[in-house]
Each structure stands twice: as C-alpha cells, then as structure tokens.
1. Just list whichever of LYS51/LYS132; LYS409/LYS438; LYS305/LYS356; LYS268/LYS394 have alpha carbons separated by over 32 Å in the model shown.
2. 5 Å is the cut-off here: which amide hydrogens, built 1.01 Å from N in the peptide plane, fall below it relative to ALA107, excluding neighbours closer than 5 in sequence?
3. Whenever you get a sec, line up THR529, THR575, THR586 from highest to lowest accessible area (probe 1.4 Å, protein heavy atoms).
4. Given a cut-off of under 8 Å on Cα pairs at least six residues apart, what relative contact order in percent is computed for segment 102-184?
5. Compute from the Cα atoms of segment 499-627 the Rg and the Dmax, the latter being the longest Cα-Cα distance, and quote both in angstrom.
6. So how many Å³ per residue does the convex hull of the Cα atoms of segment 74-118 work out to?
7. Where q = 0.21, 0.24, 0.28 Å⁻¹, what log10 of I(q)/I(0) comes from the Debye formula for segment 516-578, counting one point per Cα?
8. Sort HIS282, HIS175 from largest to smallest accessible area, using a 1.4 Å probe on the heavy atoms of the protein chains.
Amino acid sequence: QQQRQQQEQQQQQPIVRLGFAAGNASLVLSDLSTDSVFFDCEGHFVHGRTKSRVSQRLRRDDIVGVLLNLDRSSPNANTISLFRDGQRISEPQKLPDSLVGRPLFPAVSYRGVTLRINFGPAPLKPLSFRCKMLQDAAASDCQLSPSSSPVSDERCDVLFPVSLPDEGTFHWLDHFLEKNPSYVELSARSLLAWARKSGLSRRGGKGSNDRPEMGFGIPQLDDMSILSFLISLTPAIRRNFVVAEVQGNLLAEARRNAVARFSRSSFKATAVVVMGEPSEEHKQLVQAGILEEKRQKACAEVARKKVADVTRDDVAEADGREGNGAENTGIVSDARVDGTVVELTLDEKKAWFQKKSIPDLTQNEFARTFTSFSIPEIAEGFDNVRFEWQPLEKCKAYLQSWTLQQKAKQRVENIEPSQWFKDKLTEWKKALQDWKAKQNEWKKVLEQLSEWKKEGSGDKEKKDGDDKPTDLDAEELDVFQIEDVSDIGSGEPLFASFKLEDWALLEHRFELHLLAHAFRRDVNDADRTRFHESHLPFYYNRYYKKQLEITRFECDTNQDFIDLVKDSVVINTATGMIEPQLSEDTPMDNFVKLTEEHRRDRQRRLDAGDETAALTFKKLVPAVPQAPSKAPSARIQQRYHEQQQQQQGPPQRACDE
C-alpha cells in the first residue's frame, strides 16, 4: 500500500518537458523514443534511455528558454542549452548523432501545469547574446512542407490485421506503420505506450501483448474504456487507422462488431490476412531481430563479466565520473562481441517468427477461443479482404493444420464434468466402499478362526483344519475366470490380500480410465479425443477436485506413474497423448482383477529375489486428526489418542481400522 501511495503521489507531480523532436517522433516527449531530446523540470537531459542531471530544477513562474545552436562556426555547434529568466542553467548538451542534420521541431509535453508558449519575435526575457526566435528563422534554416491531409481518398482506410497468436502480428504491424506513417494504431498496446509516454507509473505489467494489464490506477485506462471512447471519435478525424486486436480479429462475431463501429460513409474497412509462410522480406526482418537480440544478450554478458572483475573502488570511481548519466550499457555496436562473432544457428535461419517474452494472448484466452479462429469474409462487413503472405486456400489449409496441432497441445480450460461422469464416479465409490468392507469382514473371520485355534486345543469336537475357512488356494485361480470378486469361495474375496498400496493403485487405475473416457465425451470433438500427459494434473484436479500427487508413489514424472497402471491407460510415445486401454463399458470388477494380477506378479518377483519389484510408496495412511481448538471432553481425548496410536502401528493395520 505504501508503494501504491508513492506511485499515486508521483503521478500527481507536475511534468514539464521542453526540447526538439524529429518529424516521425511521437507527439509526447518520453524516454521511450530516440527521435527526440529534451530537458525536464527536474533538471535532467534525456535522450531515449540516456538520462543525466545537467541543470537546476524548474520552479513556478519561471521563464524558460531552450536554445538550439546549429551555427557551424560556433564552438557549441549542434548543441542544446537551457535558460531560466535569461540566465544559462545548463552547459550546452551535444545533440545525439542520430538527430544531427535532421529537421527538428520544437516539442513540449506537460501535465499538471499551465504553460505560455512564445515563438517570437521577441523573447520574454532577453539573453546576454543575440539569437533568433523560431518565428524569425531564415528560410535557409527551415524545411517547408505543404500542409496536406493524411488521406487522399474520400473515405479513410481502417485495416484489421488477421494473424495467429505469436506468429508475427505486431512485428508485421510495426514494419507496416514504419512504411505507412499516415496510419494510426488503435489497440491496447498503443494505449499503453501513450500512457507511459505521458509519465504515468504502471503497477504490475502482466497480461499479454493483445490485452496488457494497464495497472495505472485510472479506471478509464485500466478497463480500457477510453479505447472505445477514442474509436467513437474516429469519424470526426480524417485519419487512416489500424485496429490491432489479435484475438478479436480472429473471431467472426468480434470482427462484425468491430467493423460496425466505423461508419461506411467515412471508412473503407479492409481485412488484411497475415497468415502462413511469411514473405522473404518478413523473414529477413525476423532474422535481423533475432540476431540483434542475441547481440544484446552477448553484450550484457560481457558487461557483467567485466563488472565482476572490477573492484568496488573502481566502480565507485567510475560512478563518480558518470554521475547520473547514461543508462545504456551497450559495449559493442557490431556483430562481434568480445572477439566472438554473434551469428544465427541453422534453426534460427529457418525461423518464420521471433519469439517474445510476453505472449500475444494469455494461456486462458488462447485455450478458450482458438478453436473458433477463422478467415474473414466480405459478408462480415468488409469492403475488401486482402491476403498479405499466402492466398486464401493456403491460409485455410494452414489454419486447419494449426488448429489440429493446438488441440493436441492446449488444455480445455472451461471443461466441466458431465452427469455421466458423476454417476460413474458415485457408482465406483460405492463399489470401492463395499469391497473394503468385505475385506474387513474377511479379516475378522480369519482372526476369529485364529482365536478358536488357540483356545480350542482341548476341545474334543474341534477337528484339524477348522482354522481354515476353505481348502481353496486363491493364488492358483485365474483372476479373469472369477465371476464374483467379492467371493471366490467360502466367502473369501479376490482382494483379501490387498494392502494399502494395492487399494491406492486400484483407485488410480479406475480414476485414470474414467478420466480418459469422460474427457472424450465432454469435449465432444472428433479431433480432440485425447489429452497430453502434461495436462494430466489439470484435468485430474478439475474432475476429482483433488491434487494428483505422484510423488506419494515415489514417481518423478507422469510416465513413471502411468507405468504403474499401464494396463488401464498408457502414454503414446509418439504423441505424448494419454490413451485408455479398456473400453468405456469395462466392468468395475475388472480393475480389481488387474490389481490382483499385478500384486501376484509383484510377489512372484519378490519371492524370486527381484528387489526392484518392491513398492516404495510413501506411508499411505489417513491424515492425523487435528486437535480441537477448544478443550475436548474426556471421551474425545480418548478417541483422539486411540487414533494416533493406531496410525503409529503397521500401515496395513491402520488401513484396516
């Protein structure tokens, strides 16, 4: 909260920025652009990310002058200086090389103050030397351009780029705007840049390129309602616009609504499909971007290593020389970094798109809508549909192939268990409860017979073998030939020898089997009948309302865990998809038979000396009840201690209890 209050106070502070900008620079002076240079009211001289304190702070009622010296005969040629009340308050600051020789425009940005601008003919405060005001500039010092409308047609253009997420949408847009400066971008991205240039402090910064979280603390900005307001003003402004919304421009209904916001009498709507294999020009731009990114990382690594070799005294001395100067730490300006040539790998040379740290869509937005992405049509209200990279048929084929790939990789975020699943799960829980109760009953029978054997040694009526309920050897029976798993003879259940580990594997056998079939039924998509193994924890939690804790089974990966129950489900090694091994209508008794078969095989291997067959699960016992917060009664205390003592005993006994 303290940090938020500091940010709010910072946003309320007045801002004054005075300087010069190139013709293609933003109208708002900011440290995000290298096409402008300015002094601010805090006494800083700013060019891009380079910021240094060079003068005193500006005060209320100050008369401030900014001098641009382009006189080649002057020792201060190509510099900019700041004056207050006719007196110099900064040393001449050198113009950046990127601005020397270019036409420069006076630029002013301010917030929370009132300014009076004076371009001449006389200064409000005389200087100690003579110089010309802007109004008296000689024709040779100016570059005159005739005023013209940014649009030539009777109707302005409004473009809707249609491109798949993370496949060059904004990269293409940036290049397009660079070549067509008469177009104005309408997007959340441009709104964010506008707010940052205006000096607003941003909290957070999550989200996506398409819908970034603003976090400025201003409701109209944070909910982006101001963007709708700006669009409502477009008919009154003769400008060409680009509506850059990745998700919206891929959805038919959203496209119809977006086009309808622009009057057909004032705008010509064009959908620009940027999809499929890019043009060679775009590929070259991508490779150049990747190479530059690698170069910057290499420079940063070299700088880090060099700083690590410098002593603290050297760092302090360097800081003293630099003061509050440049933040730019670039060392090398070409592709060679510290004697090593930075170059692209073979895969990078084949790349169509440049990966970004922030995705175009959030995972939830993407998974929720990608199956509805489509190619725009004239019937949606467009005057024209233009295909930038590939023709219509190739774009359709590419979108279809891309969608199938995403269906195999993406989660179904909005999936909900169906009634069919709930009924099956209820039936399973009841059967499982009955089986465990049956096992407990059988153990009581064995205990009773054992007691009779001990106490009836002198009983004349007792016969040999009365301590055995049946002469049947359960281990010799074929589990898959047994009709009733609850009674294989004389009341003995097939699962009589199940331990806690066997019950746990039985449960997961059926749960994964049911989950695989429920997913297919609930998604109801012929192209999406399986899900990837990496999504298993998500779907397990969504359906069973509990976490899948494979570490309890001493498993490091989903593959290790699935191997324990591979007679129920498996992971396709080629696709990574989880596939059921049994039909949807498999009787629940079959899972008991599979678990018993697995137990017998494991026991045979152990008897043969194979120690790897032993299960090394963590202790699978019910959680210890928490002590009541209030003073419990004597009866409750006794039950509580009894439960603790039972759980400290053998795991099998704890399970029986």
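1. Violating the 32 Å limit, Cα to Cα: LYS409/LYS438.
2. For ALA107, whose amide H was placed from the backbone, the distant partners under 5 Å are GLY19, PHE20, ALA21.
3. Working: THR529 50, THR575 75, THR586 20 Å².
I get THR575, THR529, THR586, largest accessible area first.
4. On the way: 24 pairs, mean separation 15.5, N = 83.
Reported as a whole number, the value is 19 percent.
5. Taking only Cα atoms of segment 499-627, I get Rg and Dmax of 15.7, 52 Å.
6. Spelled out: Cα convex hull of segment 74-118, divided by residues, is 133 Å³.
7. Ignoring solvent entirely, the Cα scatterers give -0.92, -1.16, -1.39.
8. My answer, sorted largest first, is HIS175, HIS282.
The values are calculated or read from the model by the stated rules, or taken from the named source; none is laboratory data. Computed from a predicted model, the values in this text were never measured in an experiment. Surface areas here come from the heavy atoms of the whole protein model, side chains and all, with no ligands, DNA or RNA. Shrake-Rupley method; radii C 1.70, N 1.55, O 1.52, S 1.80 Å.
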